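What follows is a single structure, written as structure tokens, with notes after it.
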There are 4 protein chains.
Amino acid sequence: MERTLSGRERDDKVQRIKDAALTVFSQDGYGQATIQDVATEACVGKGTIYLYFSSKEELLDTILLDVLEGYRTQIEQIVAEDGDVRQRLRHLLTYVLGGADRRRRQLSFLLRGTSDIGGDFKRQALRIKKDIMEALTGLVRAGIERGEIRAADPLMMAHIISGTVESLAAARLWEYDELVAEADGDNWPEELAGLAVNCLYQGMKP
Amino acid sequence: MERTLSGRERDDKVQRIKDAALTVFSQDGYGQATIQDVATEACVGKGTIYLYFSSKEELLDTILLDVLEGYRTQIEQIVAEDGDVRQRLRHLLTYVLGGADRRRRQLSFLLRGTSDIGGDFKRQALRIKKDIMEALTGLVRAGIERGEIRAADPLMMAHIISGTVESLAAARLWEYDELVAEADGDNWPEELAGLAVNCLYQGMKP
Amino acid sequence: MERTLSGRERDDKVQRIKDAALTVFSQDGYGQATIQDVATEACVGKGTIYLYFSSKEELLDTILLDVLEGYRTQIEQIVAEDGDVRQRLRHLLTYVLGGADRRRRQLSFLLRGTSDIGGDFKRQALRIKKDIMEALTGLVRAGIERGEIRAADPLMMAHIISGTVESLAAARLWEYDELVAEADGDNWPEELAGLAVNCLYQGMKP
Amino acid sequence: MERTLSGRERDDKVQRIKDAALTVFSQDGYGQATIQDVATEACVGKGTIYLYFSSKEELLDTILLDVLEGYRTQIEQIVAEDGDVRQRLRHLLTYVLGGADRRRRQLSFLLRGTSDIGGDFKRQALRIKKDIMEALTGLVRAGIERGEIRAADPLMMAHIISGTVESLAAARLWEYDELVAEADGDNWPEELAGLAVNCLYQGMKP
DNA sequence: AATGAATGAGTATTCATTCAT
DNA sequence: AATGAATGAATACTCATTCAT
């Protein structure tokens, strides 16, 4: 009867637990959610979770890093695309604003989730944030080199881009303004992304 | 014969408790912080806190709203100033980026920890966020009317402003990039604000 | 301005506090009732109660003893009356069953209140209970001497009397049977008392 | 793979907790007893109690109802016996007065502590008390039909019986009179029961 | 004498974690 | 490997009691 889980089976179970944790934590908040909740959502026993994660906090850290890394990967990929920078920027915004429930849960995590994390993990999270900023800075630099973007402080521009993305994402998540709340066309994320990029490009000067 | 706290005395004590809670919550996170920690920091007994707040969560909600309202008030004030809009924008950024420890604690609070908040409070918090967005939108509209800003979607521009501010503030708080981390002149917030406003105005188009 | 309460004033206040405690304790139970509840009901400050009672428990003990002593006094008085024993028994029952709200609160105390009392007080309470049983025993003995009651164990008869009284009183208090619940004539306590005494006298033998 | 408590195991544990609670509550009173006391007495962890009872109060209610129901069951059984009513009455008294420590604890419980019970539970408790009174009333009616007992108000007679039993039981519990306190023969409960029944039958009339 | 603000000891309750099966 | 019953550390919250005014 003794049997060892194949790597594939193991990975499936771990993923199921992480998905459940993402759902439950983003719904109730890390503090309110219980391990039992996660276990129930994942259709496993409480004890099983401890076979794969040493503590509730490690579970939190893991999925936070997962989400962050997912973003980094995706953003780095978009940044590395061929073609003009403006198009890549539109991709970026479309990616963050689009996506269905699962992405929204992830976003909810990113935008508020750092309240219960320990110092050891914080460093990794900041490392990833830095990576993302660097990717954006690189994108700006590429635009300047290609003559698509005017020569200005690339890091500041990266902040402007990143901040705009996050602000729109938050608005979408909490639904606090019309720009995002009332968007309902089939491809509203793309349209919104286009609008945002236009604004970013032209600046505020008349 | 009687001994009832005057309004002033009462307010002082309440403020002491809120300050202590802000300090402790922003340091350890709401979940980790204990009421005893707050009481010790405020130099009062545990029970005293419950004379003024019905629960730990009410204390959290109260200071979160306080901080948010403080920001709203200040921002609305800056937005209502006379003079050109560009100058007001610089003020705004300087205000958020500047400030000493207390302001940093508040920021840390805003940018972290909405993981443990309940539905009733959430509505108020979003109401305030909306107010802030509306104030910014108004500022953009004023700029357009005055011919200082080109005619574009004011709400999108407000997002760009708000996002930029938050991104820079977060960078300052978590110290994850050089732009902010290495700023050390006497008036770096102002200089950074100026730089940001320039970028915002001119846009990315070459 | 310094002034000492006259004995009369002092007694009034003590009585007000005891009345309030009787009301509150019998309503909510000693465990649930708070000193603040008692103070509010008595229209005094919390601190004032501690001028006259050293602790919540002493307050409980005091009113329990008060109630018990009131019963003892009343019963000893009835037992000492002139005239035939049967008449005195009717008085006794009428006294316990009759009386308005205040008496009911007292009863509620007597019939359930011994759950939270300490050992030191218990002795006094039992002393009084014993006194009451002795008074009843004496009444039976008097009846036997007068030829009104057949010669049998007087203590057992005292138990029968006392038990009957308590059982009817409890039924009235908790309203769990028709005999008492539906009594509503103007002088139902007397009628019920008469019925009980008849039954007690004639016994069950056919 | 699985490990779920069988019904039997579960019942055993629940019973152990209820026994412990009965012991502790009757010793120290509900208010003074702590859940830790009960857990220690039951040789389980504090948390285990909450696996089977949702609160301290539910535990109290449960054992109170258990004890009451035990009495009801036993009394209804005795009442339903064959043979003459007088004999059944003796059984009844012997049952209540006799019994070893466990029964005394139960009695102590019934006669003390209804000071902390809530409204929902109260109804059930009164329902049971009513059932007991009805059983006694039925016994009296049976006696009347059989010609063993004179025709009189059966409910009043039930009160007389019930009151006598309780009065004697209380005397035994608190040991406040000689009738019960000095009883020490091997079968004193039966003798006392016989004496009581004699008195009840013959009445007080000479 | 009277008061009620302040206090902290005391406790019910929760829940992450363990471990026998 | 998987489970969930058992556990007790940890903590929010209550309230009797004190004491400055």
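A few comments on the model shown:
- The phi torsions of the stretch C:42-57, fed into the Karplus equation with coefficients 6.51, -1.76 and 1.60 and a -60° offset, translate into couplings of 8, 6, 10, x, 3, x, 4, 4, 6, 6, 10, 9, 7, 6, 4, 5 Hz, rounded to whole numbers, with Gly and Pro shown as x.
- Overall shape of the stretch D:17-154 was characterised from the C-alpha gyration tensor. The equivalent ellipsoid obtained from it has semi-axes of 35, 15, 11 Å, in decreasing order.
- Residues of the stretch B:28-65 with an amide N closer than 17 Å to a point placed 7 Å from the Cα of B:R102 along the Cα-to-Cβ direction: B:42-43, B:63-65.
- Comparing B:V38, D:G147, A:T23 along the charge dipole axis of the protein assembly as shown, the residue lying farthest to the positive side is B:V38, per the Cβ-charge model.
- FRET efficiency, B:E145 to A:L111 (Cβ-Cβ, R0 45 Å, nearest 0.05): 0.85
- Simple label model, 7 Å out from Cα along Cβ direction - A:Q32 to A:Q202, nm: 4.3 nm
- Share of pairwise Cα separations in the protein assembly as shown, more than 54 Å, in percent: 42 percent
- Charge dipole magnitude, Cβ of K and R +1, D and E -1 - chain C, Cα centre, debye nearest 20: 500 debye
- Inter-label distance, nm, simple model (7 Å from Cα along the C-beta direction), C:D153/A:Q77: 9.4 nm
- Along chain B, the exposed loop sites are GluC sites (Glu not before Pro) outside DSSP states H, G, I, E and B with at most 13 other Cβ atoms within 10 Å, and the longest stretch free of them is B:82-174.
- Taking only alpha carbon atoms, the stretch D:128-206 gives an Rg to Rh ratio of 1.01, where Rh is the Kirkwood radius.
- Here the stretch B:147-206 and the stretch C:7-83 have alpha carbon centers that stand 72 Å from each other.
- What the phi angles of the stretch C:194-206 give under the Karplus curve with 6.51, -1.76 and 1.60, with θ = phi - 60°, is a coupling list of x, 4, 4, 4, 4, 4, 4, 5, 7, x, 9, 5, x Hz, glycine and proline written as x.
- Student exercise, the stretch B:83-193 dipole from Lys, Arg, Asp, Glu Cβ charges, in Debye to nearest 20: 620 debye
- Karplus-derived 3J(HN,Hα), 6.51/-1.76/1.60, for each residue of the stretch B:62-68, Hz, glycine and proline x: 4, 6, 4, 5, 4, 4, 4
- Here the stretch B:1-84 is assigned +1 on the Cβ of each Lys and Arg and -1 on the Cβ of each Asp and Glu. Its dipole about the Cα centre then comes out at about 600 debye.
- Using a cut-off of 27 Å between Cα atoms, the listed pairs A:K130/B:K56; C:K18/D:K129; C:K130/D:K205; A:K46/D:K122; C:K13/C:K56 include A:K130/B:K56; C:K18/D:K129; A:K46/D:K122 as exceeding that distance.
- Dividing the convex hull volume of the alpha-carbon atoms in the stretch A:1-90 by its residue count gives 124 Å³ per residue.
- Taken along the Cα-to-beta-carbon direction at a fixed 7 Å, the label points for B:D120 and D:R8 span 5.1 nm.
Values quoted throughout were computed directly from the atomic coordinates according to the rules given, and no laboratory measurement underlies them. Keep in mind it's a predicted model, so treat the numbers as computed, not measured. Every residue, glycine among them, receives a Cβ derived from its backbone with ideal geometry; neighbour counts consider all protein chains shown.
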